[in-house]
Amino acid sequence: MIRALAAYAPPPLRRALSGLWLDIKSLPTRRAGDPWSVIHNVGNGDHDAIGLQAVGWLKTYAGLKPGDAVLDIGCGTGRMARHLTDHPYTGFDLSKAAIGMCRRRYPALTFVHLDVWNGDYNRGGAIAEDQVVFPAQTASVDVAFAMSVFTHMRFGGMSHYLKEAARTLKPGGRFAFTAFSPRRAENPQFVFQDYDATSSVVDPRSPERAIAHELHALNHAIDAAGLKVVSVHKGNWAAPADYDGGQDLWVVAKA
């Protein structure tokens, strides 16, 4: 019943209902301190295990080393922060509730709330996506990352985030992000429809629900930001995959 209602609800209500369903399913195995998805829904799965897995990708593909300064773009409820407490860390998110949870759980780390507009996550946001200034000094970050962020952003906002990531990175710094990059596949988990010249979406009524950016456009935006592609890894949303993540993983670097 909850899942059926969520499919037809406006985005904020849909996300809350989906989060409630995830919370109910998690009750038998829930650990003390696990965040509630009904407050800020970042998807299903084991909160701790998914965060540890993603930090592993940073080490394997983005060269994360002990002591590296990191910037967590769209930190959500702190899935990755939990495993980065020994790094100089700054995380930011558009969800005030999520940032509040992070500050309570990890008081030694820096968390910043930015009231950024997003059609699915924060329709009342006061800051346009292409006007965001990341809460980090220029050339201060070794590794920046945005996990499941660009999959919910339109192309213009994503392009600006690439430029802001480049600004904050030290020379040689790396930026790891996930995206959907359309490709031919049998039985993909998501079916994308053409939306504009650069992107395709799952639901044209709510584009930010899931957005894929065309390879040529994404490569152009990376180049325009002054970044260079280091590696691209295909996620299991569309076979064949070549790493263990759900979305495609891109690693880019600042010259």
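The values are calculated or read from the model by the stated rules, or taken from the named source; none is laboratory data. Note that this is a predicted model, so its numbers are computed, not measured. Cβ placement follows ideal geometry from the backbone for every residue including glycine, while neighbour counts extend to all protein chains displayed. Protein only, heavy atoms only, side chains kept; ligands, DNA and RNA dropped before computing areas. Shrake-Rupley method; radii C 1.70, N 1.55, O 1.52, S 1.80 Å.
If N is the number of residues in the range 143-251, what value comes out of its Cα radius of gyration divided by 2.2 N^0.38 Å?
1.02
Please state the shape class of the range 51-105: rounded when a/c is under 1.5, otherwise prolate if a/b exceeds b/c and oblate if not, all from the C-alpha gyration tensor.
Prolate.
Can you pull the one-decimal nm distance between simple spin-label points at Ala108 and Ala239, each 7 Å off the Cα toward Cβ?
4.5 nm
Which lysines, on any chain, are close to Lys59 with Cα under 26 Å apart, when same-chain ones fewer than 8 places away are left out?
Hits, sequence-local ones excluded: Lys163, Lys170, Lys228, Lys234, Lys254.
Please calculate the 1.4 Å probe accessible area of Ile50, with all protein chains present, and give it to the nearest 10 Å².
It works out to around 50 Å².
Let me make sure I get this right: for the range 211-255, a, b and c are the square roots of the gyration tensor eigenvalues over alpha carbons, sorted descending. Under 1.5 in a/c it's rounded, otherwise prolate if a/b > b/c, else oblate. Which is it?
Because a/c hits 1.5 or more and a/b fails to exceed b/c, the range 211-255 counts as oblate.
For a test of the definition: using alpha carbon positions, the gyration tensor, and the 1.5 limit on a/c, classify the range 90-182 as rounded, prolate or oblate.
Because a/c hits 1.5 or more and a/b fails to exceed b/c, the range 90-182 counts as oblate.
Taking H as built 1.01 Å from N, whose amide H comes closer than 5 Å to the amide H of Ile211, not counting residues under 5 places away?
Here the answer is His152, Met153, since their amide H atoms fall under 5 Å of that of Ile211.
For Thr198, tell me the accessible area in Å² from a 1.4 Å probe, rounded to the nearest 10.
About 30 Å², rounded to the nearest 10.
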